[in-house]
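A quick write-up on the structure given underneath.
Read-outs throughout are calculated quantities, based only on the coordinates presented, and are distinct from any laboratory measurement. As the structure is a computational prediction, the values presented were derived from the model and not from experiment. FYI the Cβ positions are ideal-geometry reconstructions off the backbone, even for glycines, and counts take in every protein chain you see.
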Amino acid sequence: MAKTDFVGNFKADKKIQEAYSGDLSSSTVSPQLAYNKDCLYFNEEQKQIWFWGRIYGMEKLATQYSIRFVNEADFMLQLYLKKGIDIVRRIDGEFTFIITNDTKTLVCRDRHGAGPQFFYSSEFFSSNLFEFRNFNSFTPEPDYHALTTFLSIGYIPSPQSSLKGVQKLGAGFFLTIKDGVQVEKDMFGYQEFLNSNNSCKMSIGDATAEYERLHKEAIEAR
């Protein structure tokens, strides 16, 4: 079974220990979220961040935006506070992070979906779909439409999951929750890609050289 990186609930007035009946003995527990040892935590300016994964080329971005940081969580929060969620489009990495303040929660996954999964209902969330059976007020029911899709194409595309009432945050998407309203947005939309078609004015030779440079830079960052 896949490991569980986190379990949590969106309601500020309910502690995770009250909402979840599973084993939390090996987890770090905050009021609404329990998380494993792979998580990096940081807080600043009344905002908190929980970060799983890694970011490549942090030093270059840190120099560009004059950021001093202690780890990926600190770096990501500072970058978000300076530039907003759109800056994630410029970040190379494998990650999932959650940022909260008193009124809003933000969840984001990297472009390739290499960081932990994020399954969520109107009230609960987890990196592991199996954990929804442990949320006290959630009754698991199979989503037969999603399961039929799986039998047809071999996987269940986001935002569907195999459980009714549970969605899966897609790669390159972010989710905001404010006043109980959940809004999901694609940061790398296909329409934007279409609009940028033919925008490159390089020759084939120059484009090939630029691709080679970027490819080597990405490998070196790892």
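Which whole-number percentage describes the relative contact order of segment 1-127, with Cα contacts under 8 Å and a sequence gap of 6 or more?
Values: 203 pairs, mean separation 33.5, N = 127.
That works out to 26 percent.
Given 0.36 nm per residue, what is the gain on full extension from Glu184 to Thr148 after removing their alpha carbon distance, in nm? It would help to have the intermediate numbers written out before the result.
Values: separation 36, 0.36 × 36 = 12.96 nm, distance 2.42 nm.
10.5 nm is the gain from fully extending Glu184 to Thr148.
Measuring from centroid to centroid over Cα atoms, what is the spacing of segment 1-31 and segment 128-202 in Å?
22
Kindly provide the Kirkwood hydrodynamic radius of segment 2-59 in Å, to one decimal, from all pairs of distinct alpha carbon atoms.
Numbers: mean 1/r = 0.0782 Å⁻¹.
Result for segment 2-59, one decimal place: 12.8 Å.
Output the peptides 40-51, 21-32, 64-75, 91-102 sorted from most to least packed, where packing is the average of other Cβ atoms within 10 Å over each peptide's residues.
On the way: 40-51: 17.0, 21-32: 13.8, 64-75: 15.2, 91-102: 19.3.
The most tightly packed comes first, giving 91-102, 40-51, 64-75, 21-32.
Can you give me the distance in nm between label points at Asn101 and Glu217, each placed 7 Å from the Cα along the Cα-to-Cβ direction?
Calculated label separation equals 3.2 nm.
Specify which residue in the list Thr139, Thr96, Phe125 is farthest towards the positive end of the charge dipole of segment 66-166, using unit charges on the beta carbon of Lys, Arg (+1) and Asp, Glu (-1), about the Cα centre.
Checking the options against the dipole of segment 66-166, the answer is Thr96.
So which of Lys15/Lys37; Lys60/Lys82; Lys37/Lys185 end up more than 24 Å apart by C-alpha?
Working: Lys15/Lys37 20 Å; Lys60/Lys82 16 Å; Lys37/Lys185 29 Å.
Long pairs (Cα-Cα over 24 Å): Lys37/Lys185.
Over segment 40-129, one equal point on each Cα, no solvent: what is log10 I(q)/I(0) by the Debye formula at q = 0.11, 0.13, 0.14, 0.21 Å⁻¹?
Debye output, listed in q order: -0.29, -0.41, -0.47, -1.06.
Phe6's amide H: which non-local residues (gap 5+, or another chain) put their own amide H closer than 5 Å, with H modeled 1.01 Å from N in plane and none for Pro or chain starts?
Under 5 Å from the amide H of Phe6 lie the amide H atoms of Ser127, Asn128, each far enough along the sequence or on another chain.
Over every pair of different alpha-carbon atoms in segment 91-171, take the mean of 1/r and invert it; report that Kirkwood radius in Å. Don't skip to the end; give the middle numbers.
Details: mean 1/r = 0.0729 Å⁻¹.
Roughly 13.7 Å, rounded to one decimal.
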